[in-house]
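Q: Can you read through this structure? Questions will come right after.
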Amino acid sequence: MKTNAARILDGLGIAYEIREYEVDPEEFSALIVAQKVGLPAEQVFKTLLCVTSDKEHVFAVVPGDAELDFKKLAAAAGARKAEMVSLKDVQPLTGYVRGGVTVPGAKKNFRAFADETLELFDVISVSAGTRGVQVVLKPEDYLRATGAVVADLTKQSSEHRAQSSETKQRAELRAQSSGTKQSAEHRAQSSGSGKNA
């Protein structure tokens with residue numbers, strides 16, 4: 001199913017994958033969506049429409065397994081406070097129904113803020129602009145398409161964030177040491193074969 005958001009990605013030359021899933025009319029949980037599209041909840045990002053104390057509407061894009069921290073969003077937006085908009089205002093302001101809100105193709109070009117964990121993954125999933133359809137794409141492509149500002153936006157504990165950071169650092173170190181080990185072995189083999197010649 002081709003949505004307005006998908007057409008915008010097409011126009012930008014961004015590669016993506018559409019994943020459709022069966023919708024339960026009473027179910028709006030991002031955790032359920034994650035199960036249905038076969039991705040961990042932390043890679044399935046939900047888009048929330050908020051309003052600041054300056055009366056500016058902004059999008060907050062956070063992982064499906066995390067809770068938005070309104071103080072952090074307000075700080076990122078340069079405001080004193082922020083809160084969710086009333087549910088009845090979501091569709092008139094964005095053009096999207098609850099559960100299908102996404103930044104690309106929204107009715108109005110509100111500023112967007114994306115949680116920093118988005119950059120930890122090879123791919124993320126966001127709503128394609130209608131319930132039952134997700135778009136999977138690279139985080140850097142999502143940021144290019146939306147102009148979203150990356151910030152710490154969630155109520156995740158600092159301990160959880162430290163674990164995420166440590167996991168990423170360990171993975172990078174493993175990749176580096178693996179590369180170093182392979183090049184050392186290669187050098188040893190080369191010098192060994194030189195001696196035998």
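Rule-based calculations on the coordinates, nothing more; no lab input. It should be emphasised that the depicted structure is a prediction, and the values quoted were computed from it without experimental measurement. Note that each Cβ is placed from the backbone with ideal geometry, even for glycine, and that neighbours are counted across all protein chains shown.
Q: Give a quick list of GluC sites (Glu not before Pro) in the range 16-95 that DSSP marks as loop, anything other than H, G, I, E or B, with at most 16 other Cβ atoms within 10 Å.
A: Sparse-neighbourhood loop GluC sites (Glu not before Pro): E22, E26, E27, E56, E67.
Q: Shape verdict for the range 4-151, please, from the Cα gyration tensor: rounded (a/c under 1.5), prolate (a/b greater than b/c) or oblate.
A: Because its axes are fairly even, with a/c under 1.5, the range 4-151 counts as rounded.
Q: Another one. Within the set of other residues whose C-beta is less than 15 Å from the C-beta of L87, count the net charge using Lys and Arg as +1 and Asp and Glu as -1.
A: Once positives and negatives cancel, what remains is +1.
Q: If you don't mind, another one. Once you place label points 7 Å from the Cα toward the Cβ at E26 and V97, how far apart are they in nm?
A: Placing both labels 7 Å along Cα→Cβ, they lie 1.7 nm apart.
Q: Lys and Arg at +1, Asp and Glu at -1: add these up for the other residues within a Cβ distance under 15 Å of L143 and post the number.
A: Residues close to L143 contribute a combined charge of -3.
Q: Further question on the same structure: What is the local net charge at R98, summed over the other residues whose Cβ is closer than 15 Å to its Cβ (Lys, Arg +1; Asp, Glu -1)?
A: 0
Q: Using +1 at the Cβ of each Lys and Arg and -1 at the Cβ of each Asp and Glu in the range 4-151, identify which of V37, V90, L118 lies farthest towards the dipole's positive end.
A: So the residue we want is V90.
Q: Are any of the pairs K107/K155; K88/K108; K71/K155; K46/K81 more than 18 Å apart by Cα-Cα distance, and if so, which?
A: Over 18 Å Cα-Cα: K107/K155; K46/K81.
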